[in-house]
Number of protein chains: 2
Amino acid sequence: MEFKARLLDLEAGGKYIVVMGDEDAKRLGVISNDRVRLRTDGGEVMAILNTAEEFPKGVLGVYREVGSRLRLVEGSPVRVGAAARPESLGFIRSKIMGEKLMPKQVEAIVADVVERHLSDVELAAFVTALQIHGTSMEEVEALSRAMIRMGKSITFDRPPILDKHSIGGVPGDKTTLLVVPIVAAAGYTIPKSSSRAITSPAGTADRMEALCPVDLKMHEIIDVVDEVGACIVWGGALDLAPADDLFIQVEYPLSIDPLLLPSIMSKKKAMGSTHIVIDIPVGREAKIQTVDQAQQLAINFIELGNRLDMKIRCAVTEGEQPVGCAIGPNLEAREALEALTGDGPTDLVDKATSLAGILLETVGEDDGKRRALEILRSGKAEEKMRMIIEAQGGDPEVTPEGLPLGPQSLDVTAERSGRVLWINNRSMAQIARVSGAPGSKGSGLLLRAKLGDEVEEGEALFTIYAEGEGRLGQAEKMARELEPMGVGSHIGEKMVMLRISEAAAPGPERYIIDR
Amino acid sequence: MEFKARLLDLEAGGKYIVVMGDEDAKRLGVISNDRVRLRTDGGEVMAILNTAEEFPKGVLGVYREVGSRLRLVEGSPVRVGAAARPESLGFIRSKIMGEKLMPKQVEAIVADVVERHLSDVELAAFVTALQIHGTSMEEVEALSRAMIRMGKSITFDRPPILDKHSIGGVPGDKTTLLVVPIVAAAGYTIPKSSSRAITSPAGTADRMEALCPVDLKMHEIIDVVDEVGACIVWGGALDLAPADDLFIQVEYPLSIDPLLLPSIMSKKKAMGSTHIVIDIPVGREAKIQTVDQAQQLAINFIELGNRLDMKIRCAVTEGEQPVGCAIGPNLEAREALEALTGDGPTDLVDKATSLAGILLETVGEDDGKRRALEILRSGKAEEKMRMIIEAQGGDPEVTPEGLPLGPQSLDVTAERSGRVLWINNRSMAQIARVSGAPGSKGSGLLLRAKLGDEVEEGEALFTIYAEGEGRLGQAEKMARELEPMGVGSHIGEKMVMLRISEAAAPGPERYIIDR
């Protein structure tokens, strides 16, 4: 049937969506969410149909993505026909029914995801089925390979290519800002692509952006790495794993993350990485809660690395409290700079040099941690960091004090004297978000005490920074409600961490899907 | 933040959806698919947010549902704030993680479905999790009760209220058109609400619509049933189970049906039914494939009936071939009328009188099947059917010949002499759909031979009826490809039913979700 296009001036998040009236749909023999094939003299594309009760006959509403793909103008003729359901839908159904998918089937699904042939409903069902049934190593490998094949890749002509990744879940983890310059100062290539915060107060890209631009194009990244051997950039616009970006859109509202392994590893492979250290923080409020789970995940990372020809080492790290004291883009960038100049918190320095050390050992160095510490203490890591900042277009003379903090601040104080017995990471992250991070760069939290520290009644536990009174007040209110730090005179004294008074499932909290 | 409304002149399938630019969303601290709360001086509603890269600042695009709910005009001021994620999302997540839901949690989910607080992604994840983990009887009961509570109910002041339901999956099943008048002629009240075809060539509402209007309002149904003790109407617009209609929108593209029990039983309860016979056809291409599965389902129906205070009896019926010979609205209505006048196919008459008999026995009659057969043979069922047709606004003098068939027809013939060894229901249904059923009332198939019948080479196996040459040709082509009937000289001779030559999962066929 022939229709006249009506440009809807709306986006559909990258999907190809068209709209027609119920009557037209009936005549075409299709219903809402069916796929239709659109043909013009210039091209052809498959789209997902929405129907509307009231929509003019013979008119096809097109979202912006369809309009630009087919170069339609208002009134352009478009021939529309019912399209067969994509074969991959049968494979998704197989997975729902508990079958293991074969590599070709996985590839068909990923290809149809990238081609936008699958609706949100179908994608959501697929990731839910993956979450519930789990994925075999064969499926994980096939998913990774398919995601790599559908995305762009980058080749650096200076092997080996080192990399570091944290599966996340611990606020304030600015370790990458130390590991990258340490490893690069040791003479190795480490082009780090990182993500912005989705649900956390700061992602590595947000932290680095406090120091220099991170939104580099592929060729700019190659130049930077050629020049200084390293970069810390935002990977989101590089189109390394377009399938993953689409999966995340449905995983995020569901707070599930069944594609963790292929998502991370496909991006590493696309960046050309050959030697990688993966940080798996373990904590009751972290992404991984037990050392057993962390070990299983680590084994899977290593095995997947073997299959994809990458050497992987994993580190299970302490994740019961934030890393360092700062949470929020500028606060964290400040703390990282301080650590690079030799004045960093013990846990941050230990974590960064340990991970850098493991990485150095994967390429044959001995006693990696000692070497990493030496590089850090010698000032070579700081020097390298300033070179990276300059190469990416930032000010190499940047100082911690040069990074502004939210002009409004207040201390949340201890209601009694004692020791810090526990810290709730998730509550800390929520308070930092409410204070304005990461959108407002100077907002966030600065911890004045950490696990085991002695505090006096009335002494500051942490300081909240915000842009305005409103945000500050909201963050303070939340801090009073959530009570993110427990203070008591000795361990075991303040055992109640949370009270539950209603027969409801745990709240639909925003699980940390940032990777 | 305050926005100005822009009316988008688009529907979102009943959901409340609004659009704003990425920048505005960022300032509001929300991302695509987050929920926002909209406030005007006149009202308040929760909506799901879509974001667009290019969208004017300060403008909120509103889909028609939001516009009419809040009575917005172009430029109306709307205050928009981030809304908490609904609590039910946590319960959906619990179900994904394999937990059993408590009744209050189920109720919260169903309420949020009906209130449109959940996105398609979330709904799809929920039904997928139900499909994979299964539902306990407690969950099924809670789902049924919640679906009843969220919908409209009807009360007929003449107990007992009898009803009949088939879980479907067998083409040509016009049994209801006999059972209802038989039971009503026996003096009982049987207000039957039925569905239109979604994926099959005809639903009961489509068959009845060949004889009279079926799209009656609630008060009209009450009048009809008061007058003649029975009706056969379309239940789709009665708002009996609005949650179910929304679930079906996501179940259908996935071809899964985890809510079968609560969906059926909530609608029966809403119609005030007290005694119900449920038909469970078993066949290799039917919805239920084995007698064991059918028995388990029957037990569940009966137990759920006990809990909801309804007396349920189930019949596991032969579903290896179509019921009777006709497939398609007018063809089936013809066959039903003929059967009511004493001239029906053996299987249809046997099935209808058996089911009617079981139903009569649930209210205390003895020897129900004999009684049903007597009523049918006496002409009282036909008489009652004509009263129902008249009460619903149709012509009580309607004759089988008065129902027109598609002017184009052709016979699909046997390529050799022998017996009909098997019939593929799914292929038959597909061919009938391609011929134009149910949209074109006179289209469909008429079987000239059924299982075990002798046919000569060149003799008709079935006749295809269609409106035009195009449809007829397409249906014939499909009939040649699918070969829906196997003919051989003795059983065991034609063992190959389907050839599979590619390592692909079974095609994403449209599973029969009509209920």
Seminar exercise, completed: A careful count of residues in the range A:119-151 that are within 22 Å of the chain's Cα centre (by Cα), small (Gly, Ala, Ser) and outside any helix (DSSP H, G or I) gives 2
Seminar exercise, completed: Counted residues in the range A:1-14 being outside any strand (DSSP E or B) and within 11 Å of chain B (Cβ to nearest Cβ) come to 7
For this session: Filter the range A:293-307 for residues that are surrounded by fewer than 18 Cβ atoms within 10 Å (Cβ to Cβ) and among the aliphatic types (A, V, I, L, M) and give the result.
Result: A:299, A:302
Exercise. Do you know which residues across the range A:100-146 are at pLDDT 95 or above and farther than 17 Å from residue A:259 by Cα?
Worked result: A:104
For this session: Quick one: in the range B:269-292, of everything that is charged (D, E, K, R) and farther than 29 Å from residue B:96 by Cα, which residue is most open to solvent (accessible area, probe 1.4 Å)?
Result: B:284
For this session: Among what's in the range A:38-90 and is among the β-branched types (Val, Ile, Thr) and either over 22 Å from residue B:13 (Cα atoms) or part of a loop (DSSP other than H, G, I, E, B) (or both), pick the residue that is nearest to the chain's Cα centre (by Cα).
Result: A:45
Exercise. What are the residues in the range B:70-82 that are more than 12 Å from chain A (Cβ to nearest Cβ) and of a type in the set (Gly, Ala, Ser), if any?
Worked result: B:75, B:76, B:81
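Yes or no, residue by residue, for (1) surrounded by fewer than 17 Cβ atoms within 10 Å (Cβ to Cβ); (2) away from chain A (no Cβ under 14 Å):
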position: B:44; (1), (2): yes, yes
position: B:48; (1), (2): no, no
position: B:58; (1), (2): yes, yes
position: B:68; (1), (2): yes, no
position: B:85; (1), (2): no, no
position: B:89; (1), (2): no, no
position: B:95; (1), (2): no, no
position: B:104; (1), (2): yes, no
position: B:112; (1), (2): no, no
For this session: Test residue B:216 against the stated conditions and say whether it is within 28 Å of residue B:465 (Cβ to Cβ), of a type in the set (A, V, I, L, M, F, W, C) and in contact (Cβ under 8 Å) with a residue 60 or more places away in the chain.
Result: no
Exercise. Which condition number in (1) in a strand (DSSP E or B); (2) at the interface with another protein chain (Cβ under 10 Å from one of its Cβ atoms); (3) open to solvent by 30 Å² or more (accessible area, probe 1.4 Å) is the one that residue B:33 fails?
Worked result: (1)
Seminar exercise, completed: Going through the range B:408-452 in order, the residues found to be open to solvent by less than 20 Å² (accessible area, probe 1.4 Å), out of contact with any Leu (no Cβ under 6 Å at 6 or more places or on another chain) and at positive phi are B:418, B:436
For this session: Kindly check whether there is at least one residue in the range B:372-383 that is within 29 Å of residue B:293 (Cα to Cα) and assigned to a helix (DSSP H, G or I).
Result: yes
Exercise. Only one of (1) assigned to a helix (DSSP H, G or I); (2) facing another protein chain (nearest Cβ under 8 Å); (3) not hydroxyl-bearing (Ser, Thr, Tyr) is not met by residue A:23, so which one is it?
Worked result: (2)
Seminar exercise, completed: Apart from one, (1) touching a residue at least 60 places away in the same chain (Cβ under 8 Å); (2) in a helix (DSSP H, G or I) all hold for residue B:111; the odd one out is (1)
Exercise. Going by the structure shown, is residue B:254 away from chain A (no Cβ under 14 Å) and either of a type in the set (S, T, N, Q) or in contact with a Ser or Thr (Cβ under 8 Å, 6 or more places away or on another chain) (or both)?
Worked result: no
Seminar exercise, completed: Considering the range A:364-376, residues that are in contact (Cβ under 8 Å) with a residue 40 or more places away in the chain and either surrounded by fewer than 18 Cβ atoms within 10 Å (Cβ to Cβ) or of a type in the set (Gly, Ala, Ser) (or both), and then whichever is nearest to residue A:176 (Cα to Cα), we arrive at A:372
For this session: For the range A:394-413, indicate whether the set of residues that are closer than 21 Å to residue A:226 by Cα and touching a residue at least 12 places away in the same chain (Cβ under 8 Å) is non-empty.
Result: yes
For this session: Can you confirm whether the range A:48-64 contains a residue that is free of Cβ contacts under 8 Å to residues at least 24 places away in the same chain and out of contact with any Cys (no Cβ under 9 Å at 6 or more places or on another chain)?
Result: no
Seminar exercise, completed: Output for Cβ contacts, cut-off 8 Å, separation at least six or different chains, first residue more than 8 Å from chain B (Cβ to nearest Cβ) in the range A:114-129, second of a type in the set (D, E, K, R) and surrounded by fewer than 23 Cβ atoms within 10 Å (Cβ to Cβ), reads A:116/A:15; A:116/A:65; A:117/A:35; A:118/A:112
Exercise. Taking the range A:165-194 only, how many residues are in a loop (DSSP other than H, G, I, E, B), closer than 18 Å to residue A:236 by Cβ and of a type in the set (Gly, Ala, Ser)?
Worked result: 1
Seminar exercise, completed: Scanning the range B:236-251 residue by residue, those within 14 Å of chain A (Cβ to nearest Cβ) and in a helix (DSSP H, G or I) turn out to be B:245, B:246, B:247, B:248, B:249, B:250, B:251
Exercise. Open to solvent by 10 Å² or more (accessible area, probe 1.4 Å), out of contact with any Gly (no Cβ under 9 Å at 6 or more places or on another chain) and at negative phi - does that describe any residue in the range A:20-29?
Worked result: yes
Exercise. Which residues, taken from the range B:323-363, are in a loop (DSSP other than H, G, I, E, B) and either open to solvent by 10 Å² or more (accessible area, probe 1.4 Å) or among the small types (Gly, Ala, Ser) (or both)?
Worked result: B:324, B:325, B:328, B:341, B:342, B:343, B:344, B:345, B:363
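The values are calculated or read from the model by the stated rules, or taken from the named source; none is laboratory data. All values reported here derive from a predicted model rather than from experimental measurement. Neighbour counts are summed over all protein chains in view; Cβ atoms, including those assigned to glycine, are modelled from backbone coordinates with ideal geometry. The protein model used for the area step is the full one, side chains on, heavy atoms only, and it has no ligands, DNA or RNA in it. Shrake-Rupley method; radii C 1.70, N 1.55, O 1.52, S 1.80 Å.
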